[in-house]
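The values are calculated or read from the model by the stated rules, or taken from the named source; none is laboratory data. Worth saying up front: this structure is predicted, and the values here are computed from it rather than measured. Reconstructed Cβ throughout: ideal geometry from the backbone, glycine too, with neighbour counts over all protein chains shown. Quick note on the areas: whole protein, heavy atoms, side chains included, nothing else; ligands and nucleic acids left out. Shrake-Rupley method; radii C 1.70, N 1.55, O 1.52, S 1.80 Å.
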Amino acid sequence: MGAQQVRARFTELYGAEPEGVWAAPGRVNLIGEHTDYNDGFVMPFALPHQVTAAVSRRTDGRLRLHSADVEGEAVELTLDALAPGTDENWTAYPAGVVWALREAGHPVTGADIHLSSTVPTGAGLSSSAALEVVVALALDDLFGLELPRWKLARLCQRAENVYVGAPTGIMDQTASACCEEGHALFLDTRDLSQRQIPFDLAAGGLRLLVVDTQVKHAHSGGEYGKRRAGCEKGAALLGVDALRDVAYDGLDAALEELGDEAEVRRLVRHIVTENRRVERVVELLTSGDVRAIGPVLTEGHASLRDDFRISCPELDLAVDTALAAGALGARMTGGGFGGSAIALAEASAVDTLTKAVEEAFAAAGYTAPRVFEAVPAPGARRLA
């Protein structure tokens, strides 16, 4: 749904024109999975798929929320009643952003909001972060808060961690808020320093495909939290603030120090090697050797599958089939337990690869996957 359609629907719902229309994208994480809550490195880029919001201010302490993607009337909430754990519906994400802004002392007095999304939900492409960021950016503009993008991302992460109760890291919100068109974002999640790395696949005759397995995942589920707790245990046992502090060339010694803590050893090995994989991809892209990132992506999938153990049969089938069909590299992307895989391929191989994946899913009796090209798109912005 375009900006004009969202604006028109807002007017139908609330009886007046919105003060503006904003958009925030979903993201694909090229490399750097589960490193963000370990103070590590990540490398996402924004998708053309986005959440669009038409918004106007209110001054009566009320919040009205409506989504074109959810059946039902607008939901009306009272700002003073917003509290963590009180909402298990989709409205928790935008309401949590309002709560986080107000808790941080920002004078948000209410809003009317209408939302429409083209980001697939449950696909590991950060639909929730896009929803949070578009609301935060709109309120920042309307209430004159003038917060830097990284701070908006932090507030959105707080909304998801505390208000929604999902123990996610900072990557998704920062990607939605800060990515630039034609680039991947190299983000150090410890100090939030950023580098925009040129990522123009088309110029090199390449494409990056997303395979949405249609297997839904949920970050608030227990398995994600278990991985995070295991990483924190590993850091504590090794006497470091976060697994980011375990050097790649000191990994063998660290694993030996962990002794018979088999599960923790696996988690630590993934995080330390994944941080190094992010650095390798940055080096390769900076030097212009885009094709060479393929094997690094594939290594990342093996680590997520075998050490972090967050893949699933559908993701493994997508990756294995893509590689067999000529992909230069492939891996799952996102939080795991479902969601999407990515495959780097020559432009000439896209049709063959897509057909191979679709046929493999059909032969396995799985739901047909959704395959589409990922093109690095702009981050959050005002549309009108």
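Structural remarks
- Taken over region 180-192, residues that are farther than 13 Å from Arg154 by Cα and open to solvent by 10 Å² or more (accessible area, probe 1.4 Å) amount to 6.
- Residue count for region 318-336 satisfying the condition of being under 15 Å from the mean Cα position of the chain (by Cα) and among the small types (Gly, Ala, Ser): 3.
Residues are listed down the side, and each one gets a yes or a no for (1) surrounded by 15 or more Cβ atoms within 10 Å (Cβ to Cβ); (2) part of a strand (DSSP E or B); (3) without any contact (Cβ under 8 Å) to a residue 12 or more places away in the chain:
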| site | (1), (2), (3) |
| --- | --- |
| Gln5 | no, no, no |
| Leu13 | yes, no, no |
| Trp22 | yes, yes, no |
| Leu47 | yes, yes, no |
| Thr52 | yes, yes, no |
| Arg64 | yes, yes, no |
| Glu76 | no, yes, no |
| Asp80 | no, no, no |
| Trp90 | yes, no, no |
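- Answer residue from region 239-287, given it is in contact with a Gly (Cβ under 6 Å, 6 or more places away or on another chain) and among the β-branched types (Val, Ile, Thr) and is surrounded by the fewest Cβ atoms within 10 Å (Cβ to Cβ) among those: Val264
- Those residues of region 127-169 which are open to solvent by 10 Å² or more (accessible area, probe 1.4 Å), within 22 Å of Lys216 (Cβ to Cβ) and touching a Lys or Arg at 6+ places or on another chain (Cβ under 8 Å), in sequence order: Pro167
- Among the numbered conditions (1) buried (at least 17 other Cβ atoms within 10 Å of the Cβ); (2) touching a strand residue (DSSP E or B) at 6+ places or on another chain (Cβ under 9 Å); (3) touching a residue at least 60 places away in the same chain (Cβ under 8 Å), the only one that Thr298 does not meet is (3).
- Matching entry among Leu237, Leu192, Leu187, Leu206 (being at pLDDT 95 or above and out of contact with any strand residue (DSSP E or B) (no Cβ under 7 Å at 6 or more places or on another chain)): Leu237
- Filtered residue count, region 223-267, keeping only those that are part of a loop (DSSP other than H, G, I, E, B) and without any contact (Cβ under 8 Å) to a residue 40 or more places away in the chain: 8
- Picking from residues in region 253-310 that are in contact with an Asp or Glu (Cβ under 9 Å, 6 or more places away or on another chain) and among the hydroxyl-bearing types (Ser, Thr, Tyr), the one that is nearest to Thr35 (Cα to Cα) is Thr273.
- Among the candidates Ala104, Ala111, the residue that is in contact (Cβ under 8 Å) with a residue 24 or more places away in the chain and either in contact with a strand residue (DSSP E or B) (Cβ under 9 Å, 6 or more places away or on another chain) or crowded, with 18+ Cβ neighbours inside 10 Å (or both) is uniquely Ala111.
- Flag if Leu315 is open to solvent by 50 Å² or more (accessible area, probe 1.4 Å), of a type outside the set (Asp, Glu), over 26 Å from Asn161 (Cα atoms) and touching a Ser or Thr at 6+ places or on another chain (Cβ under 8 Å): no
- Qualifying residue in region 370-381 (condition: surrounded by fewer than 23 Cβ atoms within 10 Å (Cβ to Cβ) and more than 18 Å from Val28 (Cβ to Cβ)): yes
- Complete set of residues in region 114-125 that are open to solvent by less than 10 Å² (accessible area, probe 1.4 Å) and more than 25 Å from Glu12 (Cα to Cα): Ala123, Gly124, Leu125
- Number of positions in region 318-336 that are surrounded by fewer than 22 Cβ atoms within 10 Å (Cβ to Cβ) and under 18 Å from Thr121 (Cα atoms): 0
- In region 337-350, of all residues being open to solvent by 10 Å² or more (accessible area, probe 1.4 Å) and at pLDDT 95 or above, the one that is nearest to Asp212 (Cα to Cα) corresponds to Val350.
- All told, Pro84 falls short of being open to solvent by less than 10 Å² (accessible area, probe 1.4 Å) and not in a strand (DSSP E or B).
- Residue selection: Thr168 fails the criterion of being touching a residue at least 60 places away in the same chain (Cβ under 8 Å), farther than 28 Å from Arg64 by Cα and polar (S, T, N, Q).
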